[in-house]
Amino acid sequence: MEIRIERATTLKEKPKAGEALGFGKYYTDHMFVMDWDRGQGWHDARIVPFGPIPMDPASMVLHYAQETFEGLKAYRTKDDRILLFRPEMNARRFANSNRRLCMPEVAEEDFVEAVTQLVACEKDWVPAEEGTSLYIRPFMFATEAAVGVHPASSYKFVIILSPVGAYYPEGVNPVKIYVEDEYVRATPGGTGFTKCGGNYAASIAAQVKAEEMGFTQVLWLDGVHRKYVEEVGTMNVMFMIDNEIYTAPCDGTVLPGVTRDSIIHILKSWGYKVNEMHLAIDDLMKAGHDKTLQEAFGTGTAAVISPIGELRYKEDEVTINDFKTGELTQKLYDTLTGIQWGDIEDTFGWTREV
Ligand code: COI
């Protein structure tokens, strides 16, 4: 894929070393843009100065939400190399999301090439402090100006970059999770397995409710029985019960997380039994009360590994591991981030130098 580069004439001031980056607060100087229309397919791949995207008010994304996105990160190693972590997995998930929403697919090699070239162009923006990275947000949306429900005839694929710190203010300290029993996130046959904006829009009411009650995130139950544990707002979720790991299967309603997959590989390489199965919330709470629930944590690109210290379901509440980060959770965090930041040998072959 040929990518035209138009450099910004003035560059932004970068956040100072040591300044709290937060999440999604700063954006770099350039973005990647590529257009699709029915006649030409993908064309005009370009890296241009970061800035507003002019849109027709009738653009279909604004009315029918044909929009998908991805999230991955670039990391600066101590010897100043820039690493990407399994970008091909994001490319494949993006294609799956786009197929479900009747949007055009971006070839895996083009997705990876676009990410790589943009990050290479912005490598001075990859922060160096511990726990920081450059968050990469590829997204696609329907641009056809038409107020009618059908697959749009034109789309834009854009990638923006943001230097980030921890997603949750708690950092790697335990979070409190509210088990949502009123709203649902996904049902079989729906879009639960895709990363589309609509899934997140529909989740906000529950998130607001949970935050008002002092919780960081919601834990979703399955949309049919409201009985089985699925995922947390921005993460997949895993539980260690009696020395075995439990997590929901990716059978249509759960987002197939890249961090989830990586953690499962690491756990299995350490000899853990990982059960990808439907775990009933009643059984989970019971395990919390009888203390066979030893650890719980969320996994996600933005959040990395986030220990769960407390679960509230209806009137019932359990504290996990005395609200402390568990030994296994910490070891997984250290191992995963060690591979991502190039401090630990990447025996899985997951990192790719920019
Ligand atoms: C990610 O983990 O990369 C996400 O996209 C989750 C969230 C920031 C929406």
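The values are calculated or read from the model by the stated rules, or taken from the named source; none is laboratory data. This one's a predicted model, so the numbers in the text were calculated from it and none came from an experiment. All Cβ positions, even for glycine, are placed from backbone atoms using ideal geometry, and neighbour counts span all protein chains on display.
Data for the structure
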item	result
Any strands (runs of 3 or more DSSP E) falling wholly within segment 6-81 and containing at least 3 residues that are of a type in the set (A, V, I, L, M)	30-37, 41-49
Selection from segment 276-321 of residues that are away from the ligand (no atom under 16 Å from the Cβ) and of a type in the set (S, T, N, Q)	292, 294, 319, 321
Conditions (1) surrounded by 21 or more Cβ atoms within 10 Å (Cβ to Cβ); (2) assigned to a helix (DSSP H, G or I); number of the one not met by residue 120	(1)
Every pair of residues 6+ apart whose Cβ atoms lie under 7 Å, when the first sits in segment 27-45 and is at positive phi and free of Cβ contacts under 8 Å to residues at least 12 places away in the same chain while the second is surrounded by fewer than 15 Cβ atoms within 10 Å (Cβ to Cβ) and not aliphatic (A, V, I, L, M)	none
Qualifying residue in segment 21-33 (condition: among the basic types (Lys, Arg) and within 22 Å of the chain's Cα centre (by Cα))	yes
Residue within segment 124-136 that is part of a helix (DSSP H, G or I), under 24 Å from residue 5 (Cα atoms) and at pLDDT 95 or above present	yes
Residue 195 among the basic types (Lys, Arg) and within 17 Å of residue 302 (Cβ to Cβ)	yes
Enumeration of residues in segment 137-150 that are assigned to a strand (DSSP E or B), surrounded by fewer than 21 Cβ atoms within 10 Å (Cβ to Cβ) and more than 13 Å from the ligand (Cβ to nearest atom)	145
From the options 106, 126, residue that is in contact with a strand residue (DSSP E or B) (Cβ under 8 Å, 6 or more places away or on another chain), more than 16 Å from the ligand (Cβ to nearest atom) and without any contact (Cβ under 8 Å) to a residue 60 or more places away in the chain	126
Qualifying residues in segment 45-55 (those that are loosely packed, with under 13 Cβ neighbours inside 10 Å and not small (Gly, Ala, Ser)) - the one nearest to the ligand (Cβ to nearest atom)	53
Selection from segment 243-258 of residues that are assigned to a loop (DSSP other than H, G, I, E, B) and either charged (D, E, K, R) or within 16 Å of the chain's Cα centre (by Cα) (or both)	250, 251, 253, 254, 255, 256, 257
Segment 275-315, subset of a type in the set (A, V, I, L, M, F, W, C) and in a strand (DSSP E or B), residue surrounded by the fewest Cβ atoms within 10 Å (Cβ to Cβ)	280
Strands (runs of 3 or more DSSP E) wholly inside segment 151-242 that include at least 2 residues being in contact with a helix residue (DSSP H, G or I) (Cβ under 8 Å, 6 or more places away or on another chain) and either more than 15 Å from the ligand (Cβ to nearest atom) or free of Cβ contacts under 8 Å to residues at least 60 places away in the same chain (or both)	175-180, 217-221, 236-241
Residues being within 16 Å of residue 97 (Cβ to Cβ) and of a type outside the set (D, E, K, R) - total across segment 172-202	14
Any chance residue 261 is of a type in the set (Asp, Glu) and within 18 Å of the chain's Cα centre (by Cα)	yes
Near pairs, Cβ below 9 angstrom, 6+ apart or cross-chain, from segment 1-18 (loosely packed, with under 10 Cβ neighbours inside 10 Å) to any residue that is assigned to a loop (DSSP other than H, G, I, E, B)	10/29; 17/127; 17/128; 17/129; 18/129
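For every residue, the table says whether it meets (1) surrounded by fewer than 18 Cβ atoms within 10 Å (Cβ to Cβ); (2) under 24 Å from residue 254 (Cβ atoms); (3) of a type in the set (A, V, I, L, M, F, W, C); (4) in contact with a Cys (Cβ under 9 Å, 6 or more places away or on another chain).
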site: 57; (1), (2), (3), (4): yes, no, no, no
site: 67; (1), (2), (3), (4): no, yes, no, yes
site: 86; (1), (2), (3), (4): no, yes, no, no
site: 107; (1), (2), (3), (4): yes, no, yes, no
